[in-house]
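Single-structure report; data block below.
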Amino acid sequence: MIASAPITWYQACRTIDVPKNGGVCVKIREEQVALFHFTRTDTWYATQNECPHRNQMALSRGMIGSQGDIPKVACPFHKKTFSLETGECLSGDECSIKTYPVKIENGWVFIGMDE
Amino acid sequence: MRIVIIGNGMVGYKCCEKLVNRIPPAQRTITVFGEETRPAYDRVHLSEFFAGKSPEELTLAPAAWYEENQIRLLLGDPVIRIDRASKTITSHQGITVSYDFLILATGSAAFVPPVPGTEKKGVFIYRTIEDLEMMRDWAGKCRTGAVIGGGLLGLEAAKALVDLGITNTHVIEFATRLMPRQIDATGSLLLEARLKQLGLTIHTNKNTAAIEGDDNVSKMRFTDGTELSTDILVISAGIRPRDELARAAGLETGSRGGIVVNDNLETTDPHIFAIGECALHGNMIYGLVAPGYEMADVVADRISGRHRSFTGFDMSTRLKLIGTDVASFGDPFIEGDNIRTISVTDHQQGIYKRINISGDGKTLLGGVLVGDAADYNMLLQTCKNQIVLPPQADALLFGGRSAGEQTGMGVDSLPDAAQICSCEAVTKAAILKSITEDGCETVDAIKKCTKAGTGCGGCMPMVKDLLNHTLKAQGKYIRNLLCEHFPYTRQELFDLVKLHDIRSYDEVLSQLGSGHGCETCKPAISSILASLWGEMILRKGNDTAQDSNDRFLANIQKGGTYSVVPRIPGGEITPEKLIIIGQVAQKYQLYTKITGGQRIDLFGAHLSDLPAIWEELIAAGFESGHAYGKALRTVKSCVGSTWCRFGLHDSVSYAIRLEERYRGIRAPHKIKSGVSGCIRECAEAKSKDFGIIATEKGWNLYVCGNGGSKPQHALLLAADLDSETCIRYIDRFLMFYIKTADPLTRTATWLNKMEGGIDYLRNVVVNDSLGLAAAWEEEMQLLVASYECEWKAAVNDPEIRKRFSHFVNAPEEKDPTIAFAPLRDQKRAAEWK
Ligand code: SRM
Ligand SMILES: Cc1cc2nc3c(=O)[nH]c(=O)nc-3n(C[C@H](O)[C@H](O)[C@H](O)COP(=O)(O)OP(=O)(O)OC[C@H]3O[C@@H](n4cnc5c(N)ncnc54)[C@H](O)[C@@H]3O)c2cc1C
Ligand code: SF4
Ligand code: FES
């Protein structure tokens, strides 16, 4: 068995606070987390809010979508795109973003972060 | 490691650049000595100095560049001695520096033949910026000019004299023909004929015996007894490698000059390299920049521990005289039993082309082009890469630039390794990568990214072809399918959305597309929906399908704040409103600036402040300026007949009318307009998507102009219109554009791609050749009528208003990472990392 790092689940916001097929920024501890909701498949993703390209706190304001089967977000600044599953940059840059697990309970969104 | 470079010319500089890329500063010191007082500049384009290029523009890299890269640059201080035993050099000013590696990049000097009189005033050589400055100062009083030397440089110097206003200019060539090293006899004859048309008089077979005159040159005397009066003389009789330093240090030099180097570019002392025009490799001086650059690359490789050698270089060249195309490539002169030479000569048009191909007709070995060298790059690459020729090889000689395409020898037939830019050694693969992976979509972007074309620039046509080809293949220009989610063009989608009466992006995706959409189709379809239905763009769940700027009705700025641009129609504003803008800016601490569009931009607003800012502006009578949208931006105006003594009509009133008519309408790209009160055109209307200029009888309507990176003047669509007709034509024009243009295509590009061009467009708009004019006018009327200020709608809708916060779980908090820096009496965004 692989021991996984202990995760703390943080209550982020209500599901209805997140726009359809879009994102919001959540403040957790002192960190900024981007939270996205894909309404057609009802899937949720969370990543760091900072775009590593020019260190802009902006990913939550980006357009989301898919490339093939990969769900992605495009930074509003220079349209670099990142996989929401792996955090990998899909526009060919070296940089990548952190991703976090998300769970929904009773109409509330929870984001899991390491201790 | 201590590296010393003697000579800061083109090749010496290139060597610095290559070393900097290979060896980190901590591991090296680089000291560069330059005899000239300027940092290295572009000698290849030296003649452009006369066309107004400043020395700064010719500079390859400013002194600051050397500093940034920790290179010690000592200018105006030639090295006078090399002491090989102690491995030191000493400069004229007495600076002594030790080296582990010494690189000689001393270039060459103009060869001045031993003719009496060369010291006279008015006799020049053509090599440095100083030479050209002196020539320019002298040329003012000259009527006749002469150049000794009919080679590549001599002809360039002669053209320069003509450009300096000395139309009576003579070229004196010692050999029997011009450019004897590059082109054959027939080619020379054709070239001569062409140059005569440029105003040059060519004398071949002429040997100068003396240059005469008291103080100033006044006359040349030739060995055949003839004479020629001249007020200025440029000597361009060849180059002489600067090997004096090397020779004094006991390094081997060639009998006719040049520092002898082996394939490693080492001189007879393995700690000393020689590169560029001072180096003699394989008994050859390479008088061109590309081989010099290659040498710089090889030496940088060797010093950083890589094994590379220099094994010779192609001497193909193209003369860059305006009005005369001359090129030679591969082996231009090769003849023999197993060689086929094909040539065409057209005396009337002054065109001569020759190609030499192998006996089996398979490979191109070399050739000469005079009068039309458009196919030079293609032929050069075909030759260099030994591409198998099509059966009808002679087709290569016909048809100018498209010949390659006709014979199936287009850019795509080149192998990936083909060197497109030989100055900077950029391969086809590297250029393709810059397009497909680095996202370069313009020749300039490719230039920046790969450096291709930054040397002699001769490869630019090919780079352009590669770009067009690749973009086409990527579907950017031809297969205009929107993106992977929609197998339709924008125009098809426009019609389908209308036909099925679909009102939101989500429904369009469900009915016509697949997947989750992306940053390409979302804004494009949002724009279609807005153009079709004129509904407030943030409703019906369309907010997250907008480009991020439209989603927040403001342009995102560095650092994550936004800009606020209220509409100021026609640029007219009351003092009261100016005060309001000032008060709002003060209250929310915004940076203010007058824009290029005759209105005021307020920068640095926090996302959560936007609704409050707009509420105040709206209360004072402002409305959204749509600076964030692919929509009408501004209708610029000049003051017109209300005040201006030349004004024919009231351009301000008409501009305001137009701006208020078309405000808020979404289009494939932004739309700009201008109205000028007379032909003096102070509103720059002709640089706009639609521009109107007052005439005695009414208005002239111009369309499809563009500023930006590829400026283009608008073309006259119709003349002397009354105000109402002019508006009807604009309605039709805009609807036609909105319905048929590809996403993010300005009207200028749209017209450029339209078959039939402006004549076709005029037929459609003015003569109603498609029979759609009435429908378009009606549709436009609907859009005009459905206008509402988006910001007003947004601030009045609590659901929408709520979205303007940074943290969903702490709406009152601002983004703590936002930082500003002071700037004059205001502030600016902090520099990003
Ligand atoms: C603010 C302003 C510069 C200024 O301080 O003066 C400006 C600012 C920007 N321009 Fe501009 N342009 C501004 C006048 C112009 C003009 C001059 C004019 O309109 O008379 C031009 C050339 C005219 C033209 O468009 O044909 C101009 C040609 C561009 C282009 C190139 C368009 C093209 O077709 O090549 C872009 C890039 C684009 O749109 O893709 C651009 C893009 C931009 C962007 C949107 C860049 C960006 O993505 O952030 C800038 C937005 C800043 C902001 O947040 O407000 N801007 N821009 C000007 C706003 C005018 C206004 O009141 O709305
Ligand atoms: C008008 C003109 C047009 C040209 N057009 C073309 C063209 O179209 N295509 C092409 O490929 N090539 C062209 N060339 C040739 C090209 O410019 C040269 O091949 C190139 O500049 C050679 O670079 P280099 O560094 O070897 O020599 P240079 O650029 O001459 O640089 C050598 C530098 O070393 C300095 N120096 C010499 N001795 C010392 C010393 N002891 N101490 C310190 N510094 C010293 C010199 O002052 C000089 O600044 C043209 C040249 C001219 C003059
Ligand atoms: S010219 Fe460039 S930098 Fe200046 S405002 Fe326009 S887009 Fe921005
Ligand atoms: S800051 Fe995100 S793409 Fe540049």
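The values are calculated or read from the model by the stated rules, or taken from the named source; none is laboratory data. Keep in mind that what you see is a predicted model, and the values were worked out from it rather than measured. For neighbour counting, all protein chains shown are included, and Cβ atoms are generated from backbone atoms with ideal geometry for every residue, glycine included.
Numbers for the structure displayed
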read-out	value
Filter result for B:Arg661 (more than 16 Å from ligand 2 (Cβ to nearest atom), more than 28 Å from B:Arg551 (Cβ to Cβ) and modelled with pLDDT of 95 or more)	no
Near pairs, Cβ below 7 angstrom, 6+ apart or cross-chain, from the range B:620-641 (under 15 Å from B:Ile671 (Cα atoms) and assigned to a loop (DSSP other than H, G, I, E, B)) to any residue that is within 16 Å of ligand 4 (Cβ to nearest atom) and of a type outside the set (Asp, Glu)	B:Ala627/B:Asn555; B:Tyr628/B:Asn549; B:Tyr628/B:Asn555
In the range B:743-792, residue farthest from B:Pro668 (Cα to Cα) [restricted to those that are among the β-branched types (Val, Ile, Thr) and not in a helix (DSSP H, G or I)]	B:Val766
Count of the range B:642-655 residues which are in contact (Cβ under 8 Å) with a residue 40 or more places away in the chain and either in contact with a Gly (Cβ under 7 Å, 6 or more places away or on another chain) or β-branched (Val, Ile, Thr) (or both)	6
Selection count, the range A:49-90, where residues are within 16 Å of ligand 1 (Cβ to nearest atom) and among the aromatic types (Phe, Trp, Tyr)	1
Flag if B:Phe804 is within 14 Å of chain A (Cβ to nearest Cβ) and aromatic (Phe, Trp, Tyr)	yes
Selected residue (only one of B:Ala85, B:Ala64 is of a type in the set (Gly, Ala, Ser), under 32 Å from the mean Cα position of the chain (by Cα) and away from ligand 1 (no atom under 16 Å from the Cβ))	B:Ala64
Any pair with Cβ under 6 angstrom, 6 or more apart, that starts in the range B:288-304 at a residue that is within 18 Å of B:Leu152 (Cβ to Cβ) and ends at one that is among the polar types (S, T, N, Q) and buried (at least 23 other Cβ atoms within 10 Å of the Cβ)	B:Ala290/B:Ser422
Any chance B:Asp184 is in contact (Cβ under 8 Å) with a residue 60 or more places away in the chain, away from ligand 2 (no atom under 16 Å from the Cβ) and either of a type in the set (D, E, K, R) or within 14 Å of another protein chain (Cβ to nearest Cβ) (or both)	yes
Candidate set: the range B:15-70, residues that are in contact with a Phe, Trp or Tyr (Cβ under 9 Å, 6 or more places away or on another chain) and in a loop (DSSP other than H, G, I, E, B); chosen: the one nearest to ligand 4 (Cβ to nearest atom)	B:Ala61
Residue list for the range A:20-53, filter: within 16 Å of ligand 4 (Cβ to nearest atom) and among the aromatic types (Phe, Trp, Tyr)	A:Phe36
Qualifying residues in the range A:58-75 (those that are crowded, with 24+ Cβ neighbours inside 10 Å and more than 8 Å from chain B (Cβ to nearest Cβ)) - the one farthest from A:His37 (Cα to Cα)	A:Cys75
The range B:472-497 - residue that is crowded, with 17+ Cβ neighbours inside 10 Å and among the aliphatic types (A, V, I, L, M) and, of those, modelled with the lowest pLDDT	B:Leu482
Residue count for the range B:541-597, restricted to those that are buried (at least 21 other Cβ atoms within 10 Å of the Cβ), polar (S, T, N, Q) and away from every other protein chain (no Cβ under 14 Å)	0
Qualifying residue in the range B:809-821 (condition: away from chain A (no Cβ under 14 Å) and either within 16 Å of ligand 4 (Cβ to nearest atom) or not in a helix (DSSP H, G or I) (or both))	yes
Verdict on A:Thr47 being assigned to a strand (DSSP E or B), within 11 Å of the chain's Cα centre (by Cα), of a type in the set (Val, Ile, Thr) and more than 7 Å from chain B (Cβ to nearest Cβ)	yes
Qualifying positions in the range B:360-395 - over 22 Å from B:Ile420 (Cβ atoms), modelled with pLDDT of 80 or more and surrounded by fewer than 21 Cβ atoms within 10 Å (Cβ to Cβ)	B:Asp360, B:Gly361, B:Lys362, B:Gly371
A:Arg29, sole failed condition from (1) exposed (fewer than 15 other Cβ atoms within 10 Å of the Cβ); (2) in contact with a Phe, Trp or Tyr (Cβ under 7 Å, 6 or more places away or on another chain); (3) within 13 Å of chain B (Cβ to nearest Cβ)	(2)
Output for the range B:522-549, where each listed residue is within 16 Å of ligand 1 (Cβ to nearest atom) and among the acidic types (Asp, Glu)	B:Asp547
